[in-house]
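The values are calculated or read from the model by the stated rules, or taken from the named source; none is laboratory data. Treat the numbers as computed from the prediction; the structure is a model and nothing was measured. No Cβ is skipped: glycine too gets one built from the backbone with ideal geometry, and neighbour counts run over all protein chains shown.
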Amino acid sequence: MVEKLWGGRFEASLDKQTEEFGASIKFEQRLAPFDLKGSLAHVKMLGETGIITAEEATTIANGLIKVEEKLMKGQIEFKIENEDIHMNMETYLHDEIGPLAGKLHTARSRNDQVATDMHLYLKSVLSDLLKALRTLRETIVNLSVNHVDTLFPGYTHLQHAQPISFAQHLMAYYQMFTRDFERFEFNVKHTDMNPLGAAALAGTTFPIDRELTTNLLQFEKAYANSMDAVSDRDFILEFLSNSSLLMMHLSRLCEELLLWSSHEFNFVSLSDNYSTGSSIMPQKKNPDMAELIRGKSGRVYGNLMSLLTVMKGLPLTYNKDLQEDKEGMFDSADTILTSLSVMDGMLSTMTVNRVNMEKATEQDFSNATELADYLAAKGLPFREAHELVGQLVLTCIKKGIYLQEVSLKDYQALSQLIEEDVYEILQSRTAVSRRNSLGGTGFESIKKQIEQAKKELQK
Ligand code: ARG
């Protein structure tokens, strides 16, 4: 039986099932490098403040480096009996340097230790995440550059509404992912804080130097209150909440890709690299990856709900419930990082069926607003123009023709205001090109949006 590091007060050993149930090592092994990093900073501080001798500090630090090397070589075996990452690492340190290892935990508790590990881990995830989000935003901008003048049906209620540029549609997603980027950037602010030195909850009698560990661990600042330091999980909740919004955006885009790649729409074709086949239907090419990202938004929302629920009734300070903060965070981190990378791959390799997109803007009544605006610009009150065009659309539907196929004679019978130039107005390209109001779909407006986005991406 492995002797527990907290075993002194106990007469009997832990029930096997209890041990299993309580152990977090099963799912937190990825914290190992961060745990070692935290310990290295802590021991350096213990040495510099004279809490332990400089020589002791050096021996412990060298021991930790040896453990780190073993970890990198995959020579560490994590043991349930050692409960969590902290005690697993300390046991290996003990194997390296003997009883001196016991001095590492001076002026520290697992409560501030685990919080430190989580802050360090999430900081590194956020840095990867910001890079991935930047890449996706760049991909969207590059795609948009190629499709400024690709006409596309704009929808409301999933019904053709008004013709737009495909780039306008894409750039809407650029804006969503930019807001996600900003939210995660803000998330860094509350993650970049050092809880180490809070000890169990109340600080310590030892003359520790929290500024020093804060600098060594490259945290922006130290937590101002020891009780907040060990019980705060807001930084994880912010991450889970931001991740949920991000997944919602990815999922909406996936839904569109699924529609667009269907036989009925036939607007895009996803690359074989991101599609799978059917085990029974030989003709099938399924956009599984887009469906999977859409589906995975469920677990990411779930992780947010789980932790919010875990936290809501917790009295200060540390409670074992807090151990439930990890799996959801790891799962969301893995899910969003992979989803971002798959989405980036799908977008940058898909084939855009420009001809079909443009055709879809011509064989419909999405130019009806153009005709109403045309009449309104010539002085007819817009409500009357709307009514007139509405009636004309109904007549056209009955006759099986579109507005651009109505003869000039019929137009003039409808209103004397209509002249030959109406046919130009009814073209979807004209409709798009004229919408240069700020943020509109006009070609000039989109070019401005793209220029602005490029500037933002250079920052
Ligand atoms: N495994 C624990 C967790 O993840 C580490 C902290 C343990 N602290 C304690 N007082 N039992 O939360």
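Assess whether GLY345 counts as being part of a loop (DSSP other than H, G, I, E, B) and either away from the ligand (no atom under 16 Å from the Cβ) or under 23 Å from the mean Cα position of the chain (by Cα) (or both).
On the way: part of a loop (DSSP other than H, G, I, E, B): no; either away from the ligand (no atom under 16 Å from the Cβ) or under 23 Å from the mean Cα position of the chain (by Cα) (or both): yes.
In short, no.
Inside region 151-191, residues that are touching a Phe, Trp or Tyr at 6+ places or on another chain (Cβ under 8 Å), surrounded by fewer than 19 Cβ atoms within 10 Å (Cβ to Cβ) and not in a helix (DSSP H, G or I) make up a count of 2. For region 320-340, the condition of being without any contact (Cβ under 8 Å) to a residue 24 or more places away in the chain, among the polar types (S, T, N, Q), touching a strand residue (DSSP E or B) at 6+ places or on another chain (Cβ under 8 Å) and more than 30 Å from SER109 (Cβ to Cβ) holds for none of the residues.
Being at pLDDT 95 or above and under 13 Å from the mean Cα position of the chain (by Cα) is the requirement here; does SER241 meet it? Full working, then the answer.
Numbers: at pLDDT 95 or above: yes; under 13 Å from the mean Cα position of the chain (by Cα): yes.
When the stated conditions are applied, SER241 passes them.
The residue that is nearest to the ligand (Cβ to nearest atom), counting only those in region 85-116 that are β-branched (Val, Ile, Thr) and farther than 30 Å from LEU337 by Cα, is THR91. One residue alone among LEU100, LEU122, LEU133, LEU104 is surrounded by fewer than 20 Cβ atoms within 10 Å (Cβ to Cβ) and either more than 16 Å from the chain's Cα centre (by Cα) or farther than 30 Å from ALA54 by Cβ (or both), and that residue is LEU100. Comparison of LEU438, LEU457, LEU394 shows that the only residue that is in contact with an Asp or Glu (Cβ under 9 Å, 6 or more places away or on another chain) and hydrophobic (A, V, I, L, M, F, W, C) is LEU457. If only residues of region 89-116 that are part of a helix (DSSP H, G or I) and of a type in the set (Val, Ile, Thr) are counted, the one that is farthest from LEU201 (Cα to Cα) is ILE97.
Looking only at residues of region 61-84 that are touching a Lys or Arg at 6+ places or on another chain (Cβ under 8 Å) and more than 16 Å from the ligand (Cβ to nearest atom), we find that the one that is nearest to ARG210 (Cα to Cα) is ALA61.
Residues checked against (1) among the β-branched types (Val, Ile, Thr); (2) within 18 Å of ARG252 (Cβ to Cβ); (3) within 16 Å of the ligand (Cβ to nearest atom):
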| residue | (1), (2), (3) |
| --- | --- |
| ARG299 | no, yes, no |
| VAL310 | yes, no, yes |
| GLU327 | no, no, yes |
| ASP334 | no, no, no |
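Taken together, the criteria exclude ASP232 from residues that are of a type in the set (Asp, Glu) and at pLDDT below 95. Filtering region 217-249 to residues that are surrounded by 18 or more Cβ atoms within 10 Å (Cβ to Cβ), part of a loop (DSSP other than H, G, I, E, B) and aliphatic (A, V, I, L, M) leaves only LEU217. Every condition in (1) touching a residue at least 24 places away in the same chain (Cβ under 8 Å); (2) closer than 29 Å to ALA115 by Cα; (3) more than 16 Å from the ligand (Cβ to nearest atom) is met by THR317 except one, and the failing one is (3).
Among the conditions (1) part of a helix (DSSP H, G or I); (2) more than 16 Å from the ligand (Cβ to nearest atom), the only one that HIS119 does not satisfy is (2).
Let's see how each residue does on (1) surrounded by fewer than 18 Cβ atoms within 10 Å (Cβ to Cβ); (2) modelled with pLDDT of 95 or more; (3) in a helix (DSSP H, G or I):
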| position | (1), (2), (3) |
| --- | --- |
| GLU11 | yes, no, no |
| GLU19 | yes, no, yes |
| SER24 | no, yes, no |
| PHE27 | yes, yes, no |
| LEU31 | no, yes, yes |
| PHE34 | no, yes, yes |
| GLY38 | no, yes, yes |
| VAL43 | no, yes, yes |
| LYS66 | yes, yes, yes |
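Filtering region 21-51 to residues that are within 14 Å of the ligand (Cβ to nearest atom) and farther than 26 Å from MET72 by Cα leaves PHE21, GLY22.
Exactly one residue out of LEU392, LEU438, LEU371 is surrounded by fewer than 14 Cβ atoms within 10 Å (Cβ to Cβ) and either outside any helix (DSSP H, G or I) or out of contact with any strand residue (DSSP E or B) (no Cβ under 6 Å at 6 or more places or on another chain) (or both), and it is LEU438.
Of all the residues in region 378-409, those that are polar (S, T, N, Q) and within 16 Å of ILE425 (Cβ to Cβ) number 2.
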